Each structure stands twice: as C-alpha cells, then as structure tokens.
Amino acid sequence: MDQLRPAKKPIRGAKGYPRRPELSRARILDAAVSEFAEQGFAGARVDAIAARAEINKRMIYHYFHSKDGLFQAALEKVYTDIWAAESELHLEDMPPRDALAALVTFVWNYYRAHPEFITLLNTENRLKAVHFKNSKVIRDGASGSKSLVDDVLARGVATGEFRPGIDPVHLSLTITSLCYYYLTNHATSAVVYGRKLTTRAALDERLAFNIEAVLSIVSA
C-alpha cells in the first residue's frame with residue numbers, strides 16, 4: 001500500500017494568503033501603472049511596485065521577467081482599458097454627426113478621468129515607442145480602434161453629411177490632439193493667455209469647441 005503523502009501547502013503571496021495568479025497579476029499591473037505614472041520609467045522601482053501590490057518581488061519577475069516587460073504590460077493594460085471603454089460607445093448605432101461628437105466627448109472625458117494614460121504615453125514617446133513595437137497586443141488592438149473613425153466617416157459621406165476625401169488617420173490625430181494638448185499644457189497655457197483653463201465652465205467650453213472644430217472639418 002502506498003504511503004500517504006502530506007498535502008502540498010498552497011503557494012502564498014507576501015501577505016500570507018494563497019496566491020491566485022490572475023488576481024496577483026492584476027494587482028501587480030495596477031501598482032505598476034501607478035508607479036510608472038508617478039515616477040516615469042527610469043524612476044520607477046520594482047521594489048516599490050511589489051510594496052504597492054503587497055506581493056513578493058520575485059512574483060513580478062515570474063510574471064513579467066523584467067522591468068521592461070512590466071512596463072510593456074502596463075502600457076497594454078491602459079490601452080486595452082481605453083479600447084474596452086471605447087467599444088461600449090456603440091457608435092455604429094448613432095447618426096454620423098452624433099457618433100463623431102460622442103467620440104470627441106469620450107476622448108476628452110477619458111483623458112480627464114485617467115491622467116495616468118497620458119503620463120504613460122508621454123513616457124513611451126520619450127522611449128521612442130520601443131515597447132509599442134514589441135507588443136502584439138497593442139498592434140492588434142490599434143487596428144480595431146482605428147476602424148471606428150473610418151466607419152463613421154464612411155457613413156457620413158454616404159448620407160451626404162460629410163465631405164469625401166478626409167484621411168481618417170489625420171482626423172483621429174486631430175481629435176486626440178485637441179483634447180491631449182489642452183489637458184497636458186493647461187498650466188503653462190494659463191500663464192501665456194492669462195486665463196483660468198481648469199474651471200468647470202472653461203472645461204465645458206473647451207469640449208464644446210473641440211466638437212465644433214471636428215464637425216467643421218468633416219462637414220460637407
């Protein structure tokens with residue numbers, strides 16, 4: 001008769017509770033996004049991320065292999081989050097002008113609610129998009145997101161509301177730029193123009209301007 005063996009003890013994290021890979025990975029990514037957003041890539045420390053996540057540092061290397069791997073995964077997280085939120089807009093169910101206005105409003109509100117997205121994007125641009133180039137997740141997700149503007153433009157041209165020949169890439173860049181620049185440069189712009197740019201009234205006025213500007217570009 002085989003000798004009974006004691007049951008294996010569950011692998012436990014830094015706080016002593018059983019390790020659940022999906023939850024551990026999610027905690028690490030949440031902590032990494034916060035740390036990279038606050039400290040940048042160079043200033044972020046794996047020790048600090050482990051402390052934020054309340055997890056053993058070796059588990060970070062187990063899941064992500066390196067600091068570069070962790071930063072790439074953090075970028076993939078913030079991008080998949082925005083794409084998931086974007087898919088909930090259901091622009092295909094709206095008239096073209098309403099759909100475009102809804103997209104501009106979404107980008108504006110998302111950037112305001114998620115400054116960490118902008119911060120990580122700034123960091124990746126300083127790093128010459130090295131992590132973007134290595135990420136199949138971002139390449140695949142970007143192709144799906146890009147088609148949103150293509151579809152809205154095509155429907156608007158078909159109804160006669162939008163003029164033909166508009167480059168959807170340039171329009172996408174214009175939408176993000178109108179929102180991005182204002183929110184990232186409001187402190188210096190307020191000094192240059194001598195105007196408060198972050199009051200509720202100023203933010204509402206800017207969103208209305210962004211929508212009007214984009215619709216003016218595309219209108220037939």
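Within straight cross-link reach of Lys136, meaning Cα distance under 13 Å, which aspartates and glutamates are found once same-chain residues fewer than 8 apart are removed?
Within reach: Glu76.
Residue separation times 0.36 nm, minus the C-alpha to C-alpha distance between Arg139 and Ser216: what's the value?
Between Arg139 and Ser216, full extension yields an extra 24.7 nm.
Angle between the Cα long axis of helix 21-43 and the longest principal axis of the chain, 0 to 90 degrees, nearest 10?
So the inclination is approximately 60 degrees.
Work out the charge dipole of segment 85-220 with +1 on the Cβ of Lys and Arg and -1 on the Cβ of Asp and Glu about the Cα centre, then indicate which of Ala85, Phe162, Phe209 is farthest towards its positive end.
Towards the positive end, the residue furthest out is Phe209.
Tell me which of Gly194, Ser172, Ile28 sits at the most positive position along the dipole axis of the chain, charges placed on C-beta atoms (Lys, Arg +1; Asp, Glu -1).
Ile28
In deg cm²/dmol and to the nearest 500, what is the mean residue ellipticity at 222 nm of the chain if only DSSP H runs of at least 4 residues count, each as -39500 (n - 2.57), divided by the residue total? Present the calculation step by step, with values, prior to reporting the outcome.
Values: 11 runs with 162 residues, N = 220.
One gets -24000 deg cm²/dmol as the mean residue ellipticity at 222 nm.
Would you mind checking the tilt of helix 168-184 against the longest principal axis of the Cα atoms of the chain, expressed as 0 to 90 degrees and rounded to 10?
That works out to roughly 70 degrees.
Order these by the 10 Å Cβ neighbour count, fewest first: His65, His131. The partial results should precede the final answer.
On the way: His65 12, His131 21.
Placing the least packed residue first, the sequence is His65, His131.
Hey, rough spin-label estimate for Asn109 and Ala154, points 7 angstrom out along Cα→Cβ, what's it come to in nanometres?
Here the answer is 2.7 nm between the modelled labels.
Would you calculate the separation in nanometres between label points at Asn125 and Ala190, each defined as 7 Å from the Cα along the Cα-to-beta-carbon direction?
Going from the Asn125 label point to the Ala190 one covers 2.1 nm.
Go ahead and run the numbers for FRET between Ala202 and Glu116, Cβ-Cβ distance against an R0 of 25 Å, rounding to 0.05.
For Ala202 and Glu116, the calculated efficiency is 0.65.
How big is the C-alpha Rg of the chain next to the rule-of-thumb value 2.2 N^0.38 Å, as a ratio?
On the way: Rg = 22.1 Å, N = 220, 2.2 N^0.38 = 17.1 Å.
Ratio of Rg to 2.2 N^0.38 Å for the chain: 1.30.
To test your reading of the geometry: what angle, between 0 and 90 degrees and rounded to tens, separates the Cα axis of helix 96-113 from the longest principal axis of the chain?
50 degrees
Filter Lys77/Lys133; Lys128/Lys196; Lys57/Lys128; Lys77/Lys196 down to the pairs with a C-alpha to C-alpha distance above 24 Å, please.
In this structure, Lys128/Lys196; Lys57/Lys128; Lys77/Lys196 lie more than 24 Å apart at Cα.
Determine the relative contact order of the chain: mean sequence separation of Cα pairs under 8 Å and six or more apart, normalised by residue count, in whole percent. All intermediate terms of the calculation are to be shown ahead of the outcome.
On the way: 177 pairs, mean separation 40.0, N = 220.
Taking the mean separation of contacting Cα pairs over the length of the chain, I get 18 percent.
Read the figures in this text as sums done on the coordinates, not as results from a lab. Computed from a prediction, not measured in an experiment: that's the story for all the values here. When we count neighbours, we look across all protein chains shown, and the Cβ atoms used for this are built from the backbone with ideal geometry, even at glycine.
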